[in-house]
Structures are given as structure tokens and as C-alpha cells.
Amino acid sequence: MTERGQALPPLLELRQVSKQFFGVTVLKQMSLTVHAGEVVGMVGENGSGKSTTMNLISGILRADGGEMLVDGAAYAPLNAKDAVEAGIGLIHQELNLFANLSIAENLAIRQFPKRWPGLPFIDGAKMRRDATAILAEVGLELDPRTPVNLLPPGERQLVEISKALAQRPRLLIFDEPTTSLTSREAERLFALVDRLRRDGIGMIYVSHILEDVLRLCDKVAVLRDGALVDNAPNAEMDVQRLVRGMLGRPVEELFPARTAPLARHVEALSVNGLTRSGQIRDVGFTVGTGEVVGIAGLMGSGRSETARCLFGLDPVSAGTVNVAGKPVSPLTPANCMSAGMAFLTEDRRGDGLLMSQSIEQNAELAMLADLEGGMLASVPRHKLAAAAAAMAQSMHIRARNFDRQPVQSLSGGNQQKVVLTKWLMRAPRVLLLDEPTRGIDIGARS
């Protein structure tokens, strides 16, 4: 309350904000308020307008209509730096880290501590002390001198969160923060959210995990097709109401029951004694045709490392891999693909997609080697393009066109569908899926 007894204005307020891309309205009259010490959940299908809203607030995009206010004053950031100076931090779903720099350097990237005022000498000791303190807030006990490219995806996610905290924001936006975290690391994040709430930090929490949204948030905003369709206190919400708002219809079964029983066990994949020094040791299992085998474990247990070794992306010191009874040797991605294996990577931006290329070009990538017929032979472009477009449509990828629209313009969930489309084009015998529902909404997951 103010001295006159009037309520303080919201920390952040959006009034009828809109945004267009290439003449298409992607955000329609969006209105939202966030108060200090309040956690506002934001849910919606891929492409519903969540990312656009976050990018407008954080200065990455500029609105075409409406207005934004911070503490009741007009707020129109020209870039991300303006947002940071206004006390707004964004924790990106797609990690925004410099892989070749250390953890400490990434955390201090906006303002390196100086050894002497006015002179261009970095105080490395202070930078590392500050980094250690920030990492402790998210439960990471790492040497701040460690290069980011040596960290597994889950630890990189926590470093991304730490980088936002290092700016000491007044408003913090979480964009799918648990996608690479195990349940134990997620619990640490939830405890951090509760502490920030008590400290008066306003937060917007975006997630496809609806149970987490209901657990953490004070109120929830639901978006569909670029419009706010529901906005109510958490106590009035449940999963069914959220799903109806997101999809415009209820989803009776999130995980449809299998309609076909397993056939007699015919071995599709056999792994024996797979070992990579310092990462995995003596891994062995079999997968039958029509069978789904899960690999689970805490962060650092070797889940993603096992998948990468299976597909020949990382060299192994021992072990064998057989597909349909035939050995894959040497164990390289090309040989794995020839044997009928496919691999959907956890890091779709780094390993799965050519971000500046079109949906069609990305969907065709895994097929090109099979179509090579010598220097003078031509690739059957029309036939390949038609097959890629048909597969993309069957995956319900939301896009204006497949042959020209770059993948980087798609939402994270639609990007994931493009990666899967690329591999399904090959009709694989064995499909390796590493965190396949990362960034995927409830409808697409079903």
C-alpha cells in the first residue's frame, strides 16, 4: 500500500498488446498483470502466443499495438538490455549460453567485475566467487572455471537460470525451465521459486507440465491461437479446465492405450557391454520389434550419453550393437542409419536442425545420403519435397508454408516435430528418442 492507502500498481501490466508477423496476427489484444511476489502461470499449445508474449516483455520483439507498464509507468523496451535495466530477466528454454566460455564468464557476461575502477582488467577471483554463490542458489556445486560445453544439458539449464538470477531481477520469466531437469533438480527449482516469491520477486512461469503450473502459481493465464481465453486464480483451476482452454476441447486420455498387443519377441536391437570411459560402463539390453524400452536415471547418470554412444555420435571403448541380428561395425552414425536406426537428439537446436533452413529442407536431411547416385545423378526434388510435406502435415506442424519458412521461426514444440519428421521419413527399424516431449504441449504429446 502507498502512504495514501492506495494499492500499489502491478509490477508489470500488459494492456491489449498485439503483434503481427508478415501480416499474420500472432498475438491478439493480450492483457495480463503480474504483482510483486506473485507467480503467474502461462499455458497454451505450441504457437499459441506464449513465446511472443515473453519476447515482447523481455525486449526481444516490439509490440505493434497496445501498451506495457512497469510500476505503472510506460514500458517500451527497444532491446533486451532495456529489459534488464528495468529489472526483467528471461530464462530461455533454448539455452542462451556461450559454450566455449566458463560458467563464471557466462554468468558475468553482461558486466564483468573490474579489478580497478576505470581500467579494463577483469577481477577473476571476484567473478568466480560471485558465480559460486549464484550456483549454490540453484543447488549446483561446480567449479565456476568449468567450460559450459563440458556440462550435460540439465546442468546447462541450471546455469541458464543462474545467469538470470545474477542480474537480480524484479520480474523473472521462466520458459519451460524443467525440460532438461530430473525430478530432484526440479524440486530444487520449485524451492527457489518459493524463495523468490517470499523475496517479492514477480514471476511468469511458462510450462507444458500442467501439474507444476497448478502447484507453483497464484493464477494462470491460458492462451489459444494468440488470444487470452482464460485467466483465473489457481484455486479455480484444474487440469481439465486448462486443457479445455488450451485445445478448445477436452483430452480424455493423455496417453492413449495400446490397441495392438506385442507380437512374439523378435529382436530389433541388442546392446552388449557398451562402455565409454567416465560416462557409461557395461550397458546391455535388448529391444523387441514393437516394444518401447525406457531409460531412466538422475542427472549425470548417463541417459543421453548412452543414446549418443548407441548412435555412434560418441566413441566407445568396448561393446557391440546389433540391429535385426546384424552387427553395426564400426559404430558410426552413417552405419547406424544404414542399419535402420534413427536418433532424436535432446538438443534439437545444436544437433537436430539447420535453424536458418526451411522446414522442407530439414525434413529431407536424413534422406539425402540414400538418394545419392553419383556426381551426374540428380536428386528427385519434387518427389522428395512432396513426401516431406506429407509427413510434416501428418505431424500437425503449424506453419505458413513448408518450402520457404525457416525452422527458427517455429515454436519449440513445432521444431521438435520437424526433427521427428526428418527421422520418420526414413521409416526406421529402431528409433532412439532422447527427451522427445521437451517443449511439447499436451495436445501434441497425446
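Computed from the coordinates by the stated procedures, all read-outs in this text should not be read as laboratory data. Predicted model, so just to flag it, every value in this text is computed and none were measured. Reconstructed Cβ throughout: ideal geometry from the backbone, glycine too, with neighbour counts over all protein chains shown.
Quick notes
- For segment 283-292, Karplus couplings with θ = phi - 60° (6.51, -1.76, 1.60), whole Hz, Gly/Pro x: 7, x, 5, 10, 10, x, 4, x, 10, 10
- For residue 95, no residue whose modelled amide H falls within less than 5 Å of its own remains once neighbours fewer than 5 places apart on the same chain are excluded.
- For the residues 150, 171, 27, a GNM of the chain with alpha-carbon springs under 10 Å puts the largest fluctuation on 150.
- Additional length obtainable on full extension of the chain from residue 356 to residue 398, 0.36 nm per residue less Cα span: 13.4 nm
- Spatially, segment 129-169 and segment 178-218 are offset by 17 Å when compared through their Cα centroids.
- Multiplying the residue separation of residue 211 and residue 199 by 0.36 nm and removing their Cα-Cα distance gives an extension gain of 1.9 nm.
- The convex hull defined by the C-alpha atoms of segment 343-446 has an orientation-averaged projected area of 6.9 nm².
- Between amide H atoms placed 1.01 Å from N, distances below 5 Å from residue 172 occur with 89, 202, 203, 204, all of them 5 or more places distant or on a separate chain.
- Counting only DSSP beta bridges with both residues in the chain, the antiparallel share comes to about 60 percent.
- Using the Cβ-Cβ distance between residue 267 and residue 334 with R0 set to 25 Å, the FRET efficiency from 1/(1 + (r/R0)^6) comes to roughly 0.65.
- Extended-chain gain in nm, criterion 0.36 nm per residue less alpha-carbon gap, residue 408 and residue 21: 138.0 nm
- Likely footprinting exposure, 102, 277, 270, fewest C-beta neighbours within 10 Å first: 277, 270, 102
- Choice from 426, 400, 15 with maximal GNM fluctuation in the chain (Cα, 10 Å cutoff): 400
- Result for the chain in a Gaussian network model with C-alpha springs under 10 Å: among 278, 41, 226, the largest mean-square fluctuation is at 278.
- Unit Cα scatterers, Debye sum, segment 259-339: log10 I(q)/I(0) for q = 0.16 Å⁻¹: -0.61
- Amide hydrogen neighbours beyond the local backbone of residue 343, cut-off 5 Å, H modeled: 432
- Cβ crowding within 10 Å averaged over residues, with 336-346, 172-182 ranked highest first: 172-182, 336-346
- Computed from Cα atoms, the angle from the helix 124-137 axis to the main principal axis of the chain rounds to 80 degrees.
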